[in-house]
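Asker: Have a look at this one before I ask anything.
The values are calculated or read from the model by the stated rules, or taken from the named source; none is laboratory data. In this text, all values refer to a predicted model and were calculated from it rather than measured experimentally. In this analysis, Cβ positions are derived from the backbone assuming ideal geometry, glycine residues included, and neighbour counts consider all displayed protein chains. Note: accessible area is taken over every heavy atom of the protein model, side chains too, but ligands, DNA and RNA are not part of it. Shrake-Rupley method; radii C 1.70, N 1.55, O 1.52, S 1.80 Å.
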Amino acid sequence: MEEALRIRREEEVPSAKDFTARIESRNIPAVINGCVKDWEAVSKWNPSNGGLDYLQERVGLCVVEAMLSGFAPVFYGDLRSHERVPLPFSVFIRLCKQRMHHAEDGSGGCFESERTGQLGPEPEHDCKPYEDAPQQIYLAQVPIISNENEESAQLETLREDIQMPSFLQDKSLISINLWMNNSQARSSTHYDPHHNLLCVVSGCKQVILWPPSATPVLYPMPIYGEASNHSSVPLENLDFSKYPRAECSMEYSQKVILHVGDALFIPEGWFHQVDSDDLTIAVNFWWQSKIMSCMSEHMDAYYLRILLRRMTVREMNKVLPKASSVEMPSTKKLARKLLDNEQLDHNDKNLDQASERKDLEGNELKQENTLHKLEPVAAHALHELISLVHSHVNPADQRQSEQSTSAADSAISMKDKGNKVSGLDAFRLEDDPVANIIWTLPPCTLQCVLLTLVKHFPRTLEALILHMLTPVGAEVLTRKFEEMDELNTMQDRNRFYQVFYESFNDQFAAMDAILNGKELFALQVYKNVLDKNIGVDWGGPKPGV
């Protein structure tokens with residue numbers, strides 16, 4: 001490790017001027033001892049001193065988004081490695097209390113503290129689904145304040161227990177977030193696109209950091225993917241034959257230990273991997289940096305990826321023109337035609353023979369979308385989509401795919417499709433009828449169409465996503481999802497995605513099909529960017545780019 005990149009430990013809290021000139025401008029991490037030791041949160045949130053009861057009283061009724069990982073205690077950032085699930089904060093508090101109880105009676109855990117009291121009555125929300133593997137739950141990046149999306153700040157009530165460090169008063173704050181785990185947790189190696197001040201309120205964290213110049217030895221995820229800021233090197237069962245450069249990654253790393261009251265400044269672009277003890281609580285501040293004006297050499301790898309990503313997005317926007325208005329159908333009887341069309345109904349039954357339909361009766365989102373009440377534009381689009389599926393998908397193919405819809409199979413299928421793509425011309429929107437229909441629909445109309453498919457034609461929807469969705473279709477669909485998210489409340493968003501994905505026999509295969517298609521689209525655009533702007537003779541993905 002170069003001496004110029006060594007992490008310093010500050011024994012006193014710096015002034016705003018001193019922090020900007022001496023710490024932030026270097027773009028090197030720094031530990032500030034005792035930075036937040038005087039926060040009220042340090043005493044009020046402490047699990048060993050009744051902090052869980054305090055948090056239960058203040059925010060127990062809030063529903064937060066939790067990370068659920070099958071790789072726990074490791075939590076990978078890749079969407080395929082975890083779920084984001086709505087969880088009542090009161091349920092998480094109960095799991096924390098159970099963890100403390102197990103630690104005290106010697107049945108598990110390593111958290112040493114005096115018991116804060118009985119577990120109390122059963123909460124309104126049952127936590128049994130999480131009791132068998134509570135270590136899989138992690139509250140990661142739960143907003144206390146979000147200047148980008150005020151609606152998402154579920155824990156705003158806790159703001160009065162923390163004080164903005166004086167040296168951040170003049171910064172362009174992005175968000176303040178809560179991080180809390182009931183059992184030991186480890187984050188995957190990643191970097192953030194903003195400057196970060198990580199403050200430990202309870203427990204202990206160990207952080208390993210790498211400068212952006214160490215990017216090649218950390219094998220970052222492809223820049224065209226959904227987790228491009230994460231390392232692809234697994235933290236368990238590491239195979240150096242697959243990741244040979246990772247063997248020397250520790251030569252570039254530095255390790256720091258953060259105790260209660262300590263804070264760590266992590267500049268944007270610095271990779272970090274965090275280990276948290278049982279019942280550790282932290283708060284972090286993200287703010288926009290001005291590093292571009294004084295960028296030093298060790299930031300080159302990071303900003304190269306940012307610039308390539310920006311060019312990729314720009315090229316993607318060229319492929320997808322501005323949505324045009326939808327032509328009204330010549331008849332307003334399409335909904336009745338759908339109801340009366342025995343051939344379509346028969347085909348959907350054929351597609352449905354391989355598995356039983358899911359019983360989602362009673363769901364308000366679905367009840368609102370009946371064929372009789374569809375607007376003409378939605379009915380027309382629904383009719384066109386169903387006709388396309390039943391014209392191109394053989395029921396036998398559908399049954400065969402349902403027997404092999406694992407994430408790996410889905411990925412292989414999408415890769416096979418990608419190998420047939422010769423260039424961006426193959427992703428022309430006008431040549432893809434499914435993508436074209438989705439692209440021209442307003443987000444609310446598309447949501448209505450999708451929910452109608454869920455209710456009346458679930459197997460047709462399954463065939464549409466698993467067999468008819470091309471890379472450009474996947475990109476278009478996810479963009480429309482983002483537009484829907486902006487119009488819906490968080491509660492409505494959660495309900496929509498739950499209903500949508502539960503209509504599939506294998507909801508993970510459906511998610512994989514969408515994500516893989518989206519990444520294949522971005523990959524082809526990325527190749528095109530390199531060909532046009534850098535002159536690369538592309539023979540395949542280049543590791544470490």
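Asker: Taking residue 203, is it modelled with pLDDT of 95 or more, in contact with a Gly (Cβ under 7 Å, 6 or more places away or on another chain) and open to solvent by less than 50 Å² (accessible area, probe 1.4 Å)?
Answerer: No: the conditions fail for residue 203.
Asker: If the requirement is being surrounded by 23 or more Cβ atoms within 10 Å (Cβ to Cβ), hydrophobic (A, V, I, L, M, F, W, C) and under 27 Å from residue 66 (Cα atoms), which of these qualifies: 450, 477, 466? So that I can check it myself, show each step before the final result.
Answerer: Working: 477 fails: surrounded by 23 or more Cβ atoms within 10 Å (Cβ to Cβ); 466 fails: under 27 Å from residue 66 (Cα atoms).
So the residue among 450, 477, 466 that is surrounded by 23 or more Cβ atoms within 10 Å (Cβ to Cβ), hydrophobic (A, V, I, L, M, F, W, C) and under 27 Å from residue 66 (Cα atoms) is 450.
Asker: Among 7, 93, which is closer than 30 Å to residue 217 by Cβ, open to solvent by less than 60 Å² (accessible area, probe 1.4 Å) and at pLDDT 90 or above?
Answerer: Exactly one residue qualifies, and that residue is 7.
Asker: Looking at residue 267 and the list (1) buried (at least 18 other Cβ atoms within 10 Å of the Cβ); (2) more than 24 Å from the chain's Cα centre (by Cα), which single condition is not satisfied?
Answerer: Result: residue 267 passes all but (2).
Asker: Just give me the residues in the range 214-242 being touching a residue at least 24 places away in the same chain (Cβ under 8 Å), farther than 23 Å from residue 519 by Cα and either in contact with a Leu (Cβ under 6 Å, 6 or more places away or on another chain) or open to solvent by 30 Å² or more (accessible area, probe 1.4 Å) (or both), in sequence order.
Answerer: Passing the criteria: 235, 236.
Asker: On the basis of being at pLDDT 95 or above, closer than 17 Å to residue 179 by Cα, open to solvent by 70 Å² or more (accessible area, probe 1.4 Å) and not hydroxyl-bearing (Ser, Thr, Tyr), does residue 259 make the cut?
Answerer: Yes: the conditions hold for residue 259.
Asker: I need the full set of residues from the range 428-437 which are assigned to a helix (DSSP H, G or I) and surrounded by fewer than 22 Cβ atoms within 10 Å (Cβ to Cβ), in order please.
Answerer: 429, 430, 431, 433, 434, 436, 437
Asker: Tally the residues that are part of a strand (DSSP E or B), under 29 Å from residue 247 (Cβ atoms) and either among the polar types (S, T, N, Q) or open to solvent by 30 Å² or more (accessible area, probe 1.4 Å) (or both), restricting the search to the range 153-189.
Answerer: Count: 2.
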